[in-house]
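Peer 1: Shown below is the structure under consideration.
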Amino acid sequence: MTAVAENPAPSAVPAARACGADAPAVLGTGLSVPLASGGTAEYANFDYAASAPCLEAVRGELDEALPLYASVHRGAGYLSQVSTAAYERARRTVARYTGVRDDDALVFVRGTTDALNLLARCLPEGCTVVVFAAEHHANLLPWEHQGSRAGRVVRLPLPQSPQEAVRAAREALRAAPEGPRLLCVTAASNVTGEIWPVRELAEAARAEGARIAVDAAQYVPHRRFDLAETGADYVAYSGHKLYAPFGSGVLAGRADWLREAAPYLAGGGATGNVTDADVRWNDLPARHEAGSPNVLGAVALAAACRTLQEADQERLHAREEALLRRLRAGLAAVPGVHDLSLWDRGHPRVGIVSFVVDGVPAGLLAAALSAEHGIGVRDGLFCAHPLTRYLLPEGHGQAVRASIGLGTTEEHVDRLVAAVAALADRGPRLEYRDDAGRLVPVEPSEA
């Protein structure tokens, strides 16, 4: 086994630093990792879409909060009161960042998957759910899963343009039986990064008397999502993609369906009173936050929201756009590389590019990028199997995804493009073998 296969500890983590003008600093920037051929390389992280590293500001706030940590909402002691105040202050901060309206609710959850499963269990009985086949599994499967209150799920085919998406959604909502209806859509694709027309879809849903729930997991690390501005009824996203990887997420939106539904989890915190004969459940948000809340996760998420809101959003957006153009142009110049898109190549997207290389399977490409070049990407179908399989060119069963974040630099982009070009031209320098489903370099003694 090589050093890489054994997952050795990387070198000491340097102090966090910003990678661009006014970009918030992230931990792990400048980290050196071992190469299978010997030596080290600065780690080029292109896996932000899976989980983003922690912001330095988030770590700072957690360092302050940890000595004061205690259970919330249940203790008379000083630390319990301090932690309760921090938890509810975090809720208000995240609500402001998310554009939560006065009559909306914001429930802290574990992440986007948890949020959308919660919403599926809060639907009015018999609700018709309309969802596109382009969705991540977190927004594709909960509506049909055991426990969902949806009466009917309409899965729309992949639209060939944003305009077609709006038309198809409106027609499906109009054709649905009388009663509550919910349109479910992503704000940005986790496969292509393409931004979906959420405002137009929200208008279409409203025109048909329906509601819209938005999976903003891939959108919020790159753009602020505002419930009030978009006209959306619900939004879900995860802290671990928003530079706050401490197990918290958000379901925010209209309170009535959430208030009328039985608690997602039954237990302490969700209950107002319990007798031998009956249970009286609490009102929102406690109704759906049973158990001991993830106080530190909420504090971390609020710190990330506040840090990003205070940053120069225009500069951050321009920086990401420049890196994305550089990456896409570089990959486009490599013979045999195909970048995946559902719509026109020029359609706006966040910093995500999925691609394949003719003659180099995705798993091998990802393994070689890591072991030989110190570059981290994601390979597979990205928990969006129907969409990814549809977009793959003939002869390819999986793709590689490179995603950009606050720690990405021009050098990282250029190194990724050069490594892909070398692998497309000559293939990996090392031999690889399967190790529990993951390709790792073959040791000389194994050859």
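Peer 1: Return the only residue of Asp47, Asp22 being modelled with pLDDT of 95 or more and either under 24 Å from the mean Cα position of the chain (by Cα) or farther than 25 Å from Phe382 by Cβ (or both).
Peer 2: The match here is Asp47.
Peer 1: List the pairs whose first member sits in segment 314-326 and is assigned to a helix (DSSP H, G or I), whose second member is loosely packed, with under 15 Cβ neighbours inside 10 Å, and whose Cβ atoms are under 8 Å apart, counting only residues at least 6 apart or on separate chains?
Peer 2: Close Cβ pairs satisfying both conditions: Arg315/Ala21; Arg315/Asp22; Leu316/Asp22; Arg319/Ala21; Leu323/Glu410; Arg326/Glu410; Arg326/Asp414.
Peer 1: Only one of these conditions is not met by Ser370: (1) more than 17 Å from the chain's Cα centre (by Cα); (2) within 25 Å of Leu156 (Cα to Cα); (3) touching a residue at least 12 places away in the same chain (Cβ under 8 Å). Which number is it?
Peer 2: (2)
Conditions tested, residue by residue: (1) free of Cβ contacts under 8 Å to residues at least 40 places away in the same chain; (2) in contact with a strand residue (DSSP E or B) (Cβ under 6 Å, 6 or more places away or on another chain); (3) more than 27 Å from Ala168 (Cβ to Cβ); (4) surrounded by fewer than 20 Cβ atoms within 10 Å (Cβ to Cβ).
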position	(1), (2), (3), (4)
Val82	yes, no, yes, yes
Tyr87	no, no, yes, no
Thr93	no, no, yes, yes
Asp102	yes, no, yes, yes
Gly111	no, yes, yes, no
Leu116	no, yes, no, no
Glu125	yes, no, no, yes
Val129	no, yes, no, no
Phe132	no, yes, no, no
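Peer 1: Next up: Determine whether segment 149-165 contains at least one residue that is in a loop (DSSP other than H, G, I, E, B), among the basic types (Lys, Arg) and assigned by TED's automatic domain parsing to the domain that holds Cys127. Break it down stepwise before answering.
Peer 2: Pass one, segment 149-165, residues in a loop (DSSP other than H, G, I, E, B): 149, 157-161.
Filter once more, keeping what is among the basic types (Lys, Arg): 149.
In the following step, the residues that additionally are assigned by TED's automatic domain parsing to the domain that holds Cys127 were identified as 149.
Yes: one or more hits.
Peer 1: Filter segment 371-397 for residues that are of a type in the set (Gly, Ala, Ser) and in a helix (DSSP H, G or I) and give the result.
Peer 2: Residue satisfying the conditions is Ala371 alone.
Peer 1: If you take the residues of segment 214-250 that are among the charged types (D, E, K, R) and within 23 Å of Pro142 (Cα to Cα), which of them is surrounded by the fewest Cβ atoms within 10 Å (Cβ to Cβ)?
Peer 2: The residue in question is Asp233.
Peer 1: If a residue has to be surrounded by 15 or more Cβ atoms within 10 Å (Cβ to Cβ) and basic (Lys, Arg) to count, how many in segment 383-425 make the cut?
Peer 2: Final tally of qualifying residues: 2.
Peer 1: Read through the list (1) farther than 19 Å from Gly30 by Cα; (2) part of a helix (DSSP H, G or I); (3) touching a residue at least 24 places away in the same chain (Cβ under 8 Å), then give the number of the only condition that Arg415 fails.
Peer 2: All conditions are met except number (1).
Peer 1: Would a scan of segment 355-370 turn up a residue that is in a loop (DSSP other than H, G, I, E, B) and touching a strand residue (DSSP E or B) at 6+ places or on another chain (Cβ under 7 Å)?
Peer 2: Keep residues of segment 355-370 that are in a loop (DSSP other than H, G, I, E, B), which gives 358-359, 361.
After this cut, where a residue has to be touching a strand residue (DSSP E or B) at 6+ places or on another chain (Cβ under 7 Å) as well, the list is none.
No: zero hits.
Peer 1: To continue, here is another question. Asp425 passes all but one of (1) at pLDDT 95 or above; (2) more than 18 Å from Val357 (Cα to Cα); (3) among the acidic types (Asp, Glu); which number fails?
Peer 2: Just one mismatch for Asp425, condition (2).
Peer 1: Can you tell me which condition Arg345 does not meet? The list is (1) in contact with a Gly (Cβ under 6 Å, 6 or more places away or on another chain); (2) of a type outside the set (Phe, Trp, Tyr); (3) at pLDDT below 95, and all the others hold.
Peer 2: Condition (1) is where Arg345 drops out.
Peer 1: Would you be able to say whether some residue in segment 317-328 is touching a Phe, Trp or Tyr at 6+ places or on another chain (Cβ under 6 Å), surrounded by 19 or more Cβ atoms within 10 Å (Cβ to Cβ) and hydrophobic (A, V, I, L, M, F, W, C)?
Peer 2: Going through segment 317-328, the residues touching a Phe, Trp or Tyr at 6+ places or on another chain (Cβ under 6 Å) turn out to be none.
Checking segment 317-328: not a single residue is touching a Phe, Trp or Tyr at 6+ places or on another chain (Cβ under 6 Å), surrounded by 19 or more Cβ atoms within 10 Å (Cβ to Cβ) and hydrophobic (A, V, I, L, M, F, W, C).
Peer 1: Spot the failing condition for Leu439; the list is (1) in a strand (DSSP E or B); (2) among the aliphatic types (A, V, I, L, M); (3) within 30 Å of Leu158 (Cα to Cα), and only one is missed.
Peer 2: Of everything listed in (1) in a strand (DSSP E or B); (2) among the aliphatic types (A, V, I, L, M); (3) within 30 Å of Leu158 (Cα to Cα), Leu439 misses just condition (3).
Peer 1: Of all residues in segment 35-50, count the ones that are surrounded by fewer than 18 Cβ atoms within 10 Å (Cβ to Cβ) and in a loop (DSSP other than H, G, I, E, B).
Peer 2: Qualifying residue count, segment 35-50: 4.
Peer 1: Something else: Consider segment 271-282. How many of its residues are part of a loop (DSSP other than H, G, I, E, B) and surrounded by fewer than 11 Cβ atoms within 10 Å (Cβ to Cβ)?
Peer 2: 4
Peer 1: I want to confirm something. Restricting to segment 51-108 and keeping residues that are polar (S, T, N, Q) and in a loop (DSSP other than H, G, I, E, B), which single residue is nearest to Cys122 (Cα to Cα)?
Peer 2: Once the filter is applied, the top-ranked residue is Thr98.
The values are calculated or read from the model by the stated rules, or taken from the named source; none is laboratory data. Just so it is clear, the model here is predicted, and its values are computed rather than measured. Cβ coordinates were reconstructed from backbone atoms using ideal geometry, including for glycine residues, and neighbour counts include every protein chain displayed.
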